[in-house]
Amino acid sequence: QVQLVESGGGSVHPGGSLRLSCAASGSIFSIYAMGWYRQALGKQRELVAGISSVGRTNYADSVKGRFTISRDNAKNTVYLQMNSLKPEDTALYYCNKQGTNKFTWGQGTPVTVSS
């Protein structure tokens, strides 16, 4: 069973940057398309960025040009570089597989953007 541990969240002012990390246990991590998801208070969880097993990326319109997803399969880690952060980016951020049959969700890492 793959375990996911997210880290790197924090509180920043609008326009600031953060880099999130997601460490996954298990040697088969590299075969999966992974994604970063977020859930704001009172809203449904949404996919903000995805990366295939070979590095093809996709982004939600709301974060295009500001967020960059990457992965290091040797380290079983997925990253999310977040620049030009906005108050509406405030949420709990998670990583998981894209598509169905997701892994057990981790605890997430909180991101707060406020002045």
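Here are some notes:
- Residue check for VAL48: surrounded by 12 or more Cβ atoms within 10 Å (Cβ to Cβ), under 30 Å from SER115 (Cα atoms) and out of contact with any Pro (no Cβ under 7 Å at 6 or more places or on another chain): yes
- Some residue of the stretch 74-90 being within 22 Å of ASN101 (Cβ to Cβ) and of a type in the set (D, E, K, R): no
- Unique residue being farther than 14 Å from GLY99 by Cα, basic (Lys, Arg) and in contact (Cβ under 8 Å) with a residue 12 or more places away in the chain when the list is ARG38, ARG45: ARG38
- Scan the stretch 1-42 for residues that are among the hydrophobic types (A, V, I, L, M, F, W, C) and open to solvent by less than 20 Å² (accessible area, probe 1.4 Å) and the total you get is 8.
- Of VAL5, VAL63, all but one fail to be of a type outside the set (Lys, Arg) and either assigned to a strand (DSSP E or B) or within 10 Å of the chain's Cα centre (by Cα) (or both); the exception is VAL5.
- In this structure, VAL48 does satisfy being more than 16 Å from LEU4 (Cα to Cα) and assigned to a strand (DSSP E or B).
- Selected residue (criterion: nearest to HIS13 (Cα to Cα)) from residues of the stretch 54-89 that are open to solvent by less than 50 Å² (accessible area, probe 1.4 Å) and either out of contact with any strand residue (DSSP E or B) (no Cβ under 6 Å at 6 or more places or on another chain) or polar (S, T, N, Q) (or both): ARG66
- Total residues in the stretch 105-115, condition open to solvent by 90 Å² or more (accessible area, probe 1.4 Å) and within 17 Å of GLN39 (Cα to Cα): 1
The values are calculated or read from the model by the stated rules, or taken from the named source; none is laboratory data. Owing to the predicted nature of the structure, the values given are computational and were not obtained by experimental measurement. Glycine also receives a Cβ, built like all others from the backbone with ideal geometry; neighbour counts cover every protein chain displayed. In case anyone asks, the SASA skips ligands and DNA or RNA and just uses the protein heavy atoms, side chains included. Shrake-Rupley method; radii C 1.70, N 1.55, O 1.52, S 1.80 Å.
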